[in-house]
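Data block below; observations after.
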Amino acid sequence: MPEDPDPDEVLDLLDDQYAKAILRQTRDTALSAKEISTACDISVSTVYRRTERLVDCGLLAERRIAQSDGTHHSTYEARLDEVTVSLTDDGFEVTIDEKPTGDLADRFTDMWEGL
């Protein structure tokens, strides 16, 4: 997750109907862009644009899954558990509490690589 997410970008995304739909659909289950498109009735190109912004802000996790033919596809899962917006002298400050994403093996690998 980015250390200091841009508060304006986070607030814009949380106000965007497509971004909200993507976060709701991926709250408990990682989905591919096509699955998100079908579940949310959003075009695949819109899904890719929103998921890119959500990943950049740290609100969505992307996992690349290798296929046996050498290609890969991505799945997306919401990272945020809670968002806190505070008003400071300098403007808004956004704090994102994240939830664990991926399966247990992926989380263990991420933890091990982080040591």
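The values are calculated or read from the model by the stated rules, or taken from the named source; none is laboratory data. For clarity, every value in this text was computed on a predicted model and none was experimentally measured. Note that we place each Cβ from the backbone using ideal geometry, even for glycine, and neighbour counts take in every protein chain shown. All accessible areas refer to the heavy atoms of the entire protein, side chains included, with ligands and DNA or RNA removed. Shrake-Rupley method; radii C 1.70, N 1.55, O 1.52, S 1.80 Å.
From the phi angles alone, apply the Karplus equation (6.51, -1.76, 1.60; θ = phi - 60°) to the range 86-97 and give each ³J(HN,Hα) in whole Hz, x where the residue is Gly or Pro.
Those phi angles translate into 10, 8, 10, 4, 8, x, 9, 10, 10, 10, 10, 8 Hz.
Rounded to whole Hz and in sequence order, give me ³J(HN,Hα) for the range 36-44 from the Karplus expression 6.51 cos²θ - 1.76 cosθ + 1.60, θ = phi - 60°, writing x for Gly and Pro.
Rounded to whole hertz, the list is 5, 4, 5, 5, 9, 6, 10, 5, 4.
Accessible area per residue for the range 6-98 in Å², computed with a 1.4 Å probe and the full protein assembly in place, what is it?
Details: 5720 Å² over 93 residues.
Each residue of the range 6-98 exposes 61 Å² on average to a 1.4 Å probe.
For Thr29, what accessible area in Å² do you get when you roll a 1.4 Å probe over the heavy atoms of the protein chains, rounding to the nearest 10?
About 70 Å², rounded to the nearest 10.
Magnitude of the Cβ-charge dipole of the range 1-85, K/R +1 and D/E -1, about the Cα centre, nearest 20 debye? Mind dumping the intermediate values first?
On the way: 10 positive and 18 negative charges, 98 e Å.
In debye, rounded to 20, the range 1-85 gives about 460.
Long-range amide H contacts for Leu60: which residues qualify at under 5 Å (H placed 1.01 Å from N, peptide plane, sequence gap of 5 or more or a different chain)?
Val55, Arg79
Let me cross-check Lys20: its accessible surface, 1.4 Å probe, with only protein heavy atoms counted, in Å² to the nearest 10?
Approximately 80 Å² of Lys20 is accessible to the 1.4 Å probe.
Tell me, what is the 1.4 Å probe accessible area of Tyr48, in Å² to the nearest 10?
About 120 Å², rounded to the nearest 10.
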